[in-house]
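Just below is one structure, and these are the notes that go with it.
The values are calculated or read from the model by the stated rules, or taken from the named source; none is laboratory data. Computed from a predicted model, the values in this text were never measured in an experiment. Cβ sites come from the backbone with ideal geometry, for glycine too, and all protein chains shown count toward neighbours. To get the accessible areas, we keep the full protein, side chains included, count just its heavy atoms, and leave off ligands, DNA and RNA. Shrake-Rupley method; radii C 1.70, N 1.55, O 1.52, S 1.80 Å.
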Amino acid sequence: MSMSPLFIATILCSWALLAASDDNHGKTKTVAKSNDHHGKARTVTYDGRSIMIDGKRDLFFSGSIHYPRIPTENWGKILDKAKHGGLNVIQTYVFWNIHEPVQGQFDFVGNKDVVKFIKLIQEKGMYVTLRLGPFIEAEWNYGGFPFWLREVPDIIFRTNNEPFKKHMQKFVKRIVKMMKDEKLFYPQGGPIILAQIENEYNNIQLAFEEKGAQYVQWAGNMAVGLNVGVPWMMCKQKDAPDPVINSCNGRNCGDTFTGPNKPYKPFLWTENWTAQYRVFGDPPSQRAAEDIAFAVARFYSKNGTLVNYYMYHGGTNYGRTASSFVTTRYYDEAPLDEYGFQKEPKWGHLKDLHSALKLCKKALLKGTPSVQMLGKEIEARVYEKPGSNVCAAFLCNNHTKEPATVNFRGKQYYLPQRSISILPDCKTVVYNSQTVVSQHNKRNFVVQEKATKSLKWEMSQEKIPIINDCPLKSPRPLELMSVTKDTSDFLWYTARIELNDEDLPRRSDIHPVIQVANLGHGMHAFVNGKYIGSGHGSNIEKSFTFQKVAPLKSVLLELAFLRDSTIELAVFVMKDSGVYLERRLAGVHAVSVQGLNTGTLDITDNGWGHKVGIEGEKLRLYTQGGSHRVDWNTVKGPGGPLTWYKAYFDAPAGDGPLALNLTSMSKGMAWVNGRSLGRYWVSYLTPFGKPSQAEYHIPRPFVKPTENLLVLLEESGGDPNGITIMAVNRDTICSSVSEYHPPHVKSWERQDSHLRIVADDVKTKAELKCPNKKVITSVDFASWGDPSGSCGNFTVGTCNSPSAKKVVQQHCLGKIQCQIPIERKLFDKDKEPCPDMLKTLAVQVEGLINSLSFKAVHFLFQISSPRFLLFHGNNSLSTVMLLYRCLKFESPLGAPSSLRVRHKAKPELSDRLDTK
């Protein structure tokens, strides 16, 4: 049967578009040895130069990834990207309070399965550092301690206290036994090469005086006595007992770390903060890739053997796991963002750094170090093995503002301000920490119209209790944590008072005021069942005083205060770290009514009723089964406080992560199919007048193809009709490379003791690569000259080549990846503008179509030059236009002057594309 060109075009384009929618050397410490299945000893040892695996020195590039902050289904993808980024070690805490929430009852199921996580790391070919704590901080609820520990008689946390040491040792022993039983320590054949006991204890040690020092010695010796076969470490602990290694935490350990407390211990950096965790009300927190790269190169140039990025992937604080005020999104500025995307240039620039350091490995681990001053604040740190070609140099410009040109061994080198150039052969620059050759990207949140419009919201209101509804009575308000015992964020405080006409002010411009002194961190107030307002503290000052005008009348008054809090600890305030964690207080402290004719009425000792949690929690309204236990009404507009909302949606096409934009709401918690997305708080604005976090991650593993139940508990009022479901991507790809940037580090490899060129031509290039095998479909910006700005916000400067965009299109359109040489002759073929300027190429492209779709349409253009395309489904006209725009550059038959495009079911979407 013969087929017309139109039929072929229709079939091929439909196939393509459907595919697109799916988118000091001293003595050596031998810790332990064991034999593997072949009888060969497996050992982890160390000396003053490095950690050694089976007697071999190595450089270790580590990243923190926490198993409970990631859905189990996504562990493998995150670990793959970490390894691809050059890591060979993964570091994780063990989270006591999720594993033993009730004393003696343990939970290692789902994303709490630490054994499964460690085994997966080994399958990926990486080592593990296991931080047992059991105090971890980590911006985690109660610093990782289970709440029941607080109620152990006579306990004082983290000091030479027998009840605490008993329970701490019991938990640590259980975890160690679990690891041993599964043969997870390296001498047994497993991946664990380092373990940590305690965590940043020096921050509080002095408060405990002698007992603090005694506790450090006990904890270290207890850990060593467990005979795990790998070295133990204590971070930020100068008096760590031998053989425990003391390590550094911070941003610049290459300059701030005074070193190990013994000359035969190696230099370890256990936490290199890739940004800063954020709290609600905080402005954005960032740390440049260039700053991290400088700090890491500096540390390895000064005898470092291991650097750990905290975090490499932060993930999400699901449920009630975050400590107070900490955002649900954790370390989103890490090399892998909350959604698991590579955050560029941070991920790529650090990957390139790891590659450069690996080229220097033999010199760093076997060479003799020396330092040569090349000028003020400029130095060369050299590792060289006499009588051989083994040599590596780190040229460091410590000046924060001034670049420099220096002479090193007869050759001139340009060093940007505060940068390190790495020369694996003491001659060739393969990497500079300040000049980013790797690509940049920008995260996009794309509203999914169909899924959003399908949300038909229903609501159910929480009942505001009165004192008779609250079973726990007390003369005074009770301390919150002692009552809730970490079973809920919420505790009702209720009271009843009687006022008559003589008590109330007679002037119409004077009204009574309810005043509530709180120890942290937020509350909602109701008078006779009506909401009068909310109040909260801040991350810095948890305590606050709530004051609100109350519409009081001559009646019996029912007062209800709902206190919401997370458990964490500090003296008089609530944190997830600090001294005397077990003594922290929270909740309502004092209550009074001001502005009465009879003066201020203190009702603190009036008699109070208390009730833990809210009814919707107990009924589990956020689950499919629980949602049928109450009546729901259609939402017709903004709702009030303490309201449950539910709606259903079908999953948008593709397998990428989704997100909720909740800026129309205020404060609460969200669930999808019964799985918590964490707390949201969009009404707490930053100094810029914006939420600290507006979008909330819906991991794909939480989502079914259809009928997904979305539930929100809104605490203070919002409009669910303003909620949008979004797809998340980093398909906006950029590059900004100047003429003084070095060629990419992948242009070289180490062969024996020589540095060998492996690239066809060692030249500086702008390199772009789309994620997920998508192809570049548009060039949104290109400028050769002096452009400014960043990815997503580039602008043309005073000098620009008019041919820049065309050059980039010719090199990149229709390709998954491309390279654009940084050459003047390429951009300035005719008359060169600004010939005396050092020029930069800035490029921004989009990758919207996967390679399968592209190949299909490419085939179409190879066999014909169609003038009509029929498309259907959810594919947008812009997608078709992009296909045509990139393909017109490659069709051997030439592109027609125009192309008629028509949507089969929606003629109004039809349009004409011209060759422009």
Set Ser460, Ser482: member being open to solvent by 10 Å² or more (accessible area, probe 1.4 Å), assigned to a strand (DSSP E or B) and of a type in the set (Gly, Ala, Ser): Ser460
Per-region count, region 195-207, residues farther than 29 Å from Lys177 by Cβ and in contact with a helix residue (DSSP H, G or I) (Cβ under 7 Å, 6 or more places away or on another chain): 1
Restricting region 744-788 to residues that are within 24 Å of Leu838 (Cβ to Cβ) and among the small types (Gly, Ala, Ser), the residue that is most open to solvent (accessible area, probe 1.4 Å): Ser788
Where a residue in region 279-297 is open to solvent by 40 Å² or more (accessible area, probe 1.4 Å) and its partner, wherever it lies, is part of a helix (DSSP H, G or I), with Cβ under 9 Å and at least six apart: Ala288/Lys346; Glu290/His349
Neighbours by Cβ (under 6 Å, 6+ apart or cross-chain): first from region 692-721, within 17 Å of Arg329 (Cβ to Cβ); second assigned to a loop (DSSP other than H, G, I, E, B) and among the aromatic types (Phe, Trp, Tyr): Ser692/Phe280
Residue pairs meeting the criteria (Cβ under 7 Å; at least 6 apart or on separate chains; first open to solvent by 10 Å² or more (accessible area, probe 1.4 Å), in region 644-655; second in a strand (DSSP E or B) and among the acidic types (Asp, Glu)): Lys646/Glu458
Selection status of Tyr142, modelled with pLDDT under 95, of a type in the set (Ser, Thr, Tyr) and either surrounded by 24 or more Cβ atoms within 10 Å (Cβ to Cβ) or under 30 Å from Lys211 (Cβ atoms) (or both): yes
Residues (in a loop (DSSP other than H, G, I, E, B) and open to solvent by less than 60 Å² (accessible area, probe 1.4 Å)) located in region 216-241: Gly225, Leu226, Val228, Gly229, Val230, Pro231, Lys236, Gln237, Asp239, Ala240, Pro241
Residue match in region 680-689 (condition: under 22 Å from Trp632 (Cβ atoms) and out of contact with any His (no Cβ under 7 Å at 6 or more places or on another chain)): yes
Evaluation of Gln122 against (1) in contact with a Phe, Trp or Tyr (Cβ under 9 Å, 6 or more places away or on another chain); (2) open to solvent by 60 Å² or more (accessible area, probe 1.4 Å); (3) not charged (D, E, K, R) (one fails), failing number: (1)
Checking Gly792 against (1) more than 23 Å from Thr428 (Cα to Cα); (2) assigned to a strand (DSSP E or B), the condition it does not meet: (2)
Residue check for Ile197: over 13 Å from Ala219 (Cβ atoms) and of a type in the set (Val, Ile, Thr): no
Scope region 701-719; condition farther than 17 Å from Asn661 by Cβ and more than 25 Å from the chain's Cα centre (by Cα); matching residues: Pro705, Thr706, Glu707, Leu709, Glu715, Ser716, Gly717
Those helices (runs of 4 or more DSSP H) lying entirely in region 64-162 with at least 2 residues under 20 Å from Lys173 (Cα atoms) and out of contact with any Ser or Thr (no Cβ under 6 Å at 6 or more places or on another chain): 96-99, 114-123
The listed residue being more than 28 Å from the chain's Cα centre (by Cα) and aromatic (Phe, Trp, Tyr), out of Tyr46, Tyr93, Tyr67: Tyr46
Unique residue being more than 13 Å from Lys119 (Cα to Cα), open to solvent by 10 Å² or more (accessible area, probe 1.4 Å) and among the small types (Gly, Ala, Ser) when the list is Ala213, Ala195: Ala213
Hits in region 65-78 - residues which are under 13 Å from Val128 (Cβ atoms) and in contact with a His (Cβ under 9 Å, 6 or more places away or on another chain): Ile65, His66
Any strands (runs of 3 or more DSSP E) falling wholly within region 540-613 and containing at least 1 residues that are at pLDDT below 75 and within 30 Å of Asn97 (Cα to Cα): 556-564
Residue under evaluation Arg496, criteria (1) open to solvent by 30 Å² or more (accessible area, probe 1.4 Å); (2) at pLDDT 95 or above; (3) of a type outside the set (Ser, Thr, Tyr); (4) in a strand (DSSP E or B), criterion not met: (2)
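Conditions tested, residue by residue: (1) within 28 Å of Gly229 (Cβ to Cβ); (2) modelled with pLDDT of 95 or more; (3) open to solvent by 10 Å² or more (accessible area, probe 1.4 Å).
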| residue | (1), (2), (3) |
| --- | --- |
| Arg57 | yes, yes, yes |
| His66 | yes, yes, no |
| Pro71 | no, yes, no |
| Trp75 | yes, yes, no |
| Val94 | yes, yes, no |
| Ile98 | yes, yes, yes |
Segments classed as strands (runs of 3 or more DSSP E), wholly inside region 343-420, with at least 1 members that are charged (D, E, K, R) and surrounded by 18 or more Cβ atoms within 10 Å (Cβ to Cβ): 378-384
In region 676-704, the residues that are buried (at least 19 other Cβ atoms within 10 Å of the Cβ), outside any loop (DSSP other than H, G, I, E, B) and not β-branched (Val, Ile, Thr): Ser676, Leu677, Gly678, Arg679, Tyr680, Trp681, Pro691, Glu695, Tyr696, His697, Phe702
